[in-house]
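The values are calculated or read from the model by the stated rules, or taken from the named source; none is laboratory data. Because the structure is a prediction, the values reported are computed rather than measured. Because the Cβ atoms are built from the backbone with ideal geometry, glycine has one as well, and the counts that use them run over all protein chains shown.
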Amino acid sequence: MRTSRPLDVYRLVWRLPLLVWQGAFFVVPLAFLAAMTFWLVQNYRMEPAFVLTNWQKTLGRSVFWDAYWLTLGRALLAGVLASVVAFPASYTLAFRMGDSARRFALMCLVVPFFTSFLVRAYAWQVILAEGGPVNAALGTIGLGPFTMLNSGFGAMVGYLTLVLPLVVIFQTWSLAAIDRSLIEAAGNLGASPGRVLVSVILPAARTGLVLGALFAFIMTFGDFVSPFYLGGSKPPTLTILIIDTTKSGQQWPRAAVVALMMIATLFAVAAAALRAAYGGRR
Amino acid sequence: MMTESRLHLTRRRLLQGAASVALATPMLNRAWAQEPTQINMLAWYGHAEPDIVGEFEAANNVKFVPKYYAGGDNMLALISQSPPGTYDLILSDAEFVQQLNAAGYIEQMDPSLYPFDDFFPEFQKFPGHWTGDQLWSVMVRYGLLGVSYNTDALTREEAMSYNAYWNPKVTGKVGHFDWHLPNLGQISLLNGNKSPSPFDIDAAAWGALQEKTLSLKPQVGGYFDYGGTFSSLKNGEMLAMVGIGDWITGVLAKDGAKVDSVIPEEGGIQWTESYSIGKGTSKTEIVNKFITYMLSPAGQVKSIQMAAYPGLSPTLSGWTAIQEANPAEAKRSGLIVGADNDPIKMYREGRIFYRDTPKQQTLEDWNDFWSEYKSA
C-alpha cells in the first residue's frame, strides 16, 4: 500500500499530458464529428438535430460505395507497391552500406518532406503530361504518347511520391536491426540467399515492414492531392467525395458520415496490421 | 539640485512644449489617417487584385481584403458560416442573389446611386436583382459559356455544336469544369430545353438530361477546379472543356495557347456577376463609391480586361470606353454594336440564356446527380 500509492501518482503525472492531448485533439473532435452526422442543413446552415437522414442518404447511394471500394483498393495497392518498390533500396541501405553512408541516405529521404506535397504534385503534372519529358523520351524510341495524367496511373505516381521515402525509412531501420549472426548461421547451414530472405530476414524485419505498409495505406487512404491533381478526380475517391459534398450545398453532416466511415476503416486496418506486426511475439 | 532644475517648468518651456504638440498634431492625425479602411470582399478570384482595385485603393485610402470562392453554392456556404458584417461587399453570381436576399445576407440598395440609364435595356431590371422596386444587387459584368476547344483538335465548324464533346477526335480529352450548373445547363441546351430556360425543365426532360450526360462519360478525361481547368487546356491534356467559355480561353489565348470558345448553334449560357452590400456592414458609403467606380467607363475598361479572367460590360459607355482604350479587345470580345459576336445581338436573337438555379428540381438533386456522374 505505502509503495503503490506514490507510484500511481507518479504514473498519472507522466500520462496526463498524453491523455489531455488525446482528449482535446482527438476524442472531443471525434465526438463532435459523430454528433454532426445527425444534424440538419437548412438554407446552407447546420442546425443541431437528431435525424438519420445523413447516414441513409450517404450509405444508401452507390456513389459512396464506389468511392469507398476504389479508395480502399488504391490504398491497399499503394501500400503493397510502395513496400515492394522500397525493399531493394532498404535492403541495400541496411546491408550493403556503412553506418555513415546509411545515415546520409536516410537524411536524403527526409528532404522531400521539406517541400509541400502539392508543389511536388504540380511538378508531376508537367512531367507526366502528353507533351512532357517522359513521353518525349519514350517518343525517341517510337513509343507513346501515353496518357499518364488524369488517370489511375497518375494518382498512383502521386501516392508513391507521398509515401515511398517513409516506407524506405521504416524498412531500413527494421532491416538494419536484424542480428547478423542469424543470417550468417542460416548461410552456414546451407540456406540459399532466397531462403535466407524468406525464412530469416523477412520474419525478423516483420514489424518494420508491416508498419511501413500500414503508414503507406493510412496516408494514401486520406490523400486528396494525388487523386485530384494527378488522377483528374476520375473517378472520385472518398476525399474528393467529402470536398464535393461540402462545397456544394454545405452538406457537412453528410461529409462527416464519409469521414467517420474512413476513420472506422483506418482503425480496422491499423488493428489488423498491428496484430500482423506484433502478433505471436512472446 | 539637478532633479529640481530638470523639473522646473518655466513659462518659456511651457510655451515651447505647447508649440511642439501643436506642430506634431497634424502629423499624428496624418499617421492615423494613413491607416486604410479595410473592405472585406467575398468574390471570385481576381476581383480584389491590384489591376482592378489598385487605383481605387490609392485614391480612397482603402484596402480590399478578399475571400475568394469558386461557384455560387460555395459562396453561399462561406457566407453562411460567417457572422453578419463579415463581408462588406459581396460579388455574387446573379442566380444566387435571391438566396442571399432570402437568407438576409445583403442590404437593400439605392437605385438612384447607379447608372442604370447607361445599362443595355436587357440588364436594367436583371432577374433576381429586384423585388418590385427594391434593389438588392447591381450587375457589374457578365460573360458567355459555350464550347471551348483546342483549335488544333477541332475546327470552328465542328465546335459550333455541343455535339463536339462527343467527337471521336476528343475521346478521353473532354474535361469538365467541376460545377454542375454550367455543365448540365449546356447539355440541357443540346437537348433542346430552351423555353423557358435550360434550367427550368420537367421530370421527363431532367431524366433525358441525365441520360445524355451519362453518354458523355467515355469521352471524359477529368474534372477540374479553376487552376486545373487552365493548366489542362494549356498543356493540351484536355482538348475540349465543358462548362466554360471565353473567361478561361480568353486568358489562355492571350498567353499563346491554341484555344478558343464559340457560342454554338444550340445557344450559350450567360454568367453574370453582381455586387451586393453585405448585411451589417458599417462601410456602405465607400462600398457604394466603389460600385459606382466599377460601373464607370474607367472601371468597366478594367473589368473587361481583368487579368484573372475577362468579362463583358453591361453598359453602353463601357463598350465605348473599351473601343477607345483597347480596340483589339473590343473586337475580340464583340463589344461593338452589330458585330458578329456582339453579345447583345445574340441575346436578342434568342441564343443566350441566363445561368440559373434549377427551377423544377432542387440544387441537391442536380448536385447528387453530378456526383453520381463523376463516379459512373
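Only one of these conditions is not met by B:Ile336: (1) modelled with pLDDT under 95; (2) within 24 Å of B:Gln300 (Cβ to Cβ). Which number is it?
(1)
I need the full set of residues from the range B:118-149 which are aromatic (Phe, Trp, Tyr) and either under 27 Å from B:Glu266 (Cβ atoms) or free of Cβ contacts under 8 Å to residues at least 40 places away in the same chain (or both), in order please.
Restricting attention to the range B:118-149, the residues satisfying the condition of being aromatic (Phe, Trp, Tyr) are B:119-120, B:123, B:126, B:130, B:136, B:142, B:149.
Across the range B:118-149, the qualifying residues are B:Phe120, B:Phe123, B:Phe126, B:Trp130, B:Tyr142, B:Tyr149.
For the range A:146-241, which helices (runs of 4 or more DSSP H) that fit wholly inside it have 3 or more residues that are surrounded by fewer than 24 Cβ atoms within 10 Å (Cβ to Cβ) and without any contact (Cβ under 8 Å) to a residue 12 or more places away in the chain? Lay out the reasoning, then the answer.
Numbers: elements: A:152-176, A:180-188, A:193-196, A:206-221.
It comes to A:180-188, A:193-196.
Quick check on B:Glu329: is it away from chain A (no Cβ under 14 Å), in a helix (DSSP H, G or I) and farther than 25 Å from B:Leu89 by Cα?
Here the answer is yes, as B:Glu329 does meet what is asked.
Please specify each residue of the range B:177-223 satisfying the condition of being away from chain A (no Cβ under 13 Å), part of a helix (DSSP H, G or I) and polar (S, T, N, Q).
Result: B:Gln186, B:Ser188, B:Gln210, B:Thr213.
Residue-by-condition table, conditions (1) of a type in the set (Asp, Glu); (2) under 30 Å from B:Val174 (Cβ atoms); (3) under 18 Å from the mean Cα position of the chain (by Cα):
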position: A:Gly187; (1), (2), (3): no, no, no
position: A:Gly194; (1), (2), (3): no, no, no
position: A:Val225; (1), (2), (3): no, yes, yes
position: A:Phe228; (1), (2), (3): no, yes, yes
position: A:Ile243; (1), (2), (3): no, yes, no
position: A:Gln251; (1), (2), (3): no, yes, no
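Any idea which of A:Leu209, A:Leu166, A:Leu202 is aliphatic (A, V, I, L, M) and touching a Gly at 6+ places or on another chain (Cβ under 8 Å)?
Among A:Leu209, A:Leu166, A:Leu202, only A:Leu166 is aliphatic (A, V, I, L, M) and touching a Gly at 6+ places or on another chain (Cβ under 8 Å).
Quick one: which helices (runs of 4 or more DSSP H) sit completely within the range A:57-130 and have at least 3 residues that are under 29 Å from B:Gly172 (Cβ atoms)?
Answer list for the range A:57-130: A:62-95, A:117-128.
On the given criteria, is A:Ala136 at pLDDT 95 or above and among the aliphatic types (A, V, I, L, M)?
Details: at pLDDT 95 or above: no; among the aliphatic types (A, V, I, L, M): yes.
Judged against the criteria, A:Ala136 is not a match.
So is A:Asp244 of a type in the set (D, E, K, R) and assigned to a loop (DSSP other than H, G, I, E, B) or not?
It is false that A:Asp244 is of a type in the set (D, E, K, R) and assigned to a loop (DSSP other than H, G, I, E, B).
Can we say A:Thr37 is within 14 Å of chain B (Cβ to nearest Cβ) and among the polar types (S, T, N, Q)? Give the steps one after another, and end with the answer.
Values: within 14 Å of chain B (Cβ to nearest Cβ): no; among the polar types (S, T, N, Q): yes.
In short, no.
Step by step: first the residues of the range B:332-370, then only those that are crowded, with 21+ Cβ neighbours inside 10 Å and of a type in the set (Gly, Ala, Ser), then the one that is nearest to the other protein chains (Cβ to nearest Cβ). Which residue is that?
B:Ser333
For the list (1) at pLDDT 95 or above; (2) over 28 Å from B:Gly318 (Cα atoms); (3) not in a loop (DSSP other than H, G, I, E, B), I need the number of the one condition that B:Val140 fails.
Failing condition for B:Val140: (2).
Return the residues of the range B:170-225 that are among the basic types (Lys, Arg) and surrounded by fewer than 22 Cβ atoms within 10 Å (Cβ to Cβ); say none if nothing qualifies.
B:Lys194, B:Lys212, B:Lys217
Restricting to the range B:265-284, count the residues that are surrounded by 22 or more Cβ atoms within 10 Å (Cβ to Cβ) and either free of Cβ contacts under 8 Å to residues at least 12 places away in the same chain or more than 26 Å from B:Phe119 (Cα to Cα) (or both).
Going through the range B:265-284 one residue at a time, the tally reaches 1.
What helices (runs of 4 or more DSSP H) lie completely within the range B:55-128 and have 3 or more residues being surrounded by 20 or more Cβ atoms within 10 Å (Cβ to Cβ) and either in contact with a helix residue (DSSP H, G or I) (Cβ under 9 Å, 6 or more places away or on another chain) or not assigned by TED's automatic domain parsing to the domain that holds B:Ala43 (or both)? Working first, answer last.
Details: elements: B:72-80, B:97-102, B:121-124.
Of the helices (runs of 4 or more DSSP H) lying wholly inside the range B:55-128, those with at least 3 residues that are surrounded by 20 or more Cβ atoms within 10 Å (Cβ to Cβ) and either in contact with a helix residue (DSSP H, G or I) (Cβ under 9 Å, 6 or more places away or on another chain) or not assigned by TED's automatic domain parsing to the domain that holds B:Ala43 (or both) span B:72-80.
If you check B:Val220 against the conditions, is it under 22 Å from B:Tyr354 (Cα atoms) and either not aromatic (Phe, Trp, Tyr) or not assigned by TED's automatic domain parsing to the domain that holds B:Pro111 (or both)?
Here the answer is no, as B:Val220 does not meet what is asked.
Determine which single condition B:Phe353 fails, assuming it passes every other condition in (1) at pLDDT 95 or above; (2) touching a helix residue (DSSP H, G or I) at 6+ places or on another chain (Cβ under 8 Å); (3) in a helix (DSSP H, G or I).
The failed condition is (3).
Kindly provide the set of residues from the range A:212-266 that are more than 19 Å from A:Tyr44 (Cβ to Cβ), among the polar types (S, T, N, Q) and within 11 Å of another protein chain (Cβ to nearest Cβ), ordered by number.
A:Ser233, A:Thr237, listed by residue number.
Would you mind listing the strands (runs of 3 or more DSSP E) fully within the range B:226-286 where at least 3 residues are more than 23 Å from B:Asn163 (Cα to Cα) and modelled with pLDDT of 95 or more?
Hits in the range B:226-286: B:268-277.
Given A:Arg206, A:Arg254, which one is farther than 23 Å from A:Leu81 by Cα and of a type in the set (D, E, K, R)?
After ruling out the rest, the residue left standing is A:Arg254.
Can you find a residue that is surrounded by fewer than 14 Cβ atoms within 10 Å (Cβ to Cβ) and either closer than 30 Å to A:Leu162 by Cα or modelled with pLDDT under 90 (or both) anywhere in the range A:48-57?
At the first step, the residues of the range A:48-57 found to be surrounded by fewer than 14 Cβ atoms within 10 Å (Cβ to Cβ) are A:48-52, A:56.
Right, trim to either closer than 30 Å to A:Leu162 by Cα or modelled with pLDDT under 90 (or both) and you get none.
There is no residue in the range A:48-57 that is surrounded by fewer than 14 Cβ atoms within 10 Å (Cβ to Cβ) and either closer than 30 Å to A:Leu162 by Cα or modelled with pLDDT under 90 (or both).
Here are the criteria: (1) over 17 Å from B:Gly245 (Cβ atoms); (2) outside the structural domain of B:Leu91 (by TED's automatic domain parsing); (3) modelled with pLDDT of 95 or more. Tell me which single one B:Gln134 does not satisfy.
(2)
One residue is enough: does the range B:160-175 have a residue meeting the conditions in a strand (DSSP E or B), at negative phi and more than 14 Å from every other protein chain (Cβ to nearest Cβ)? Lay out the reasoning, then the answer.
Our first condition is that a residue be in a strand (DSSP E or B); within the range B:160-175, this holds for B:174-175.
Now drop any that are not at negative phi, which leaves B:174-175.
Add one more test, that the residue is more than 14 Å from every other protein chain (Cβ to nearest Cβ), and what stays is none.
Within the range B:160-175 (the criterion being in a strand (DSSP E or B), at negative phi and more than 14 Å from every other protein chain (Cβ to nearest Cβ)), the answer is no, since none of the residues qualifies.
Go through the range A:99-118 and give me each residue that's of a type outside the set (Gly, Ala, Ser) and under 17 Å from A:Val163 (Cβ atoms).
Correct list: A:Leu106, A:Cys108, A:Leu109, A:Val110, A:Val111, A:Pro112, A:Phe113, A:Phe114, A:Thr115, A:Phe117, A:Leu118.
May I ask you to verify whether A:Arg74 is free of Cβ contacts under 8 Å to residues at least 24 places away in the same chain, within 14 Å of chain B (Cβ to nearest Cβ), under 25 Å from A:Gly222 (Cα atoms) and surrounded by 13 or more Cβ atoms within 10 Å (Cβ to Cβ)?
no
What are the residue pairs meeting all of these: first residue in the range B:95-109, first residue over 15 Å from B:Gly280 (Cα atoms), second residue surrounded by fewer than 20 Cβ atoms within 10 Å (Cβ to Cβ), Cβ atoms under 7 Å, and 6 or more apart or on different chains?
B:Glu95/B:Thr357
Applying the selection to the range A:22-57, what residues are within 24 Å of the chain's Cα centre (by Cα) and not small (Gly, Ala, Ser)?
Within the range A:22-57, A:Gln22, A:Phe25, A:Phe26, A:Val27, A:Val28, A:Pro29, A:Leu30, A:Leu33 meet the criteria.
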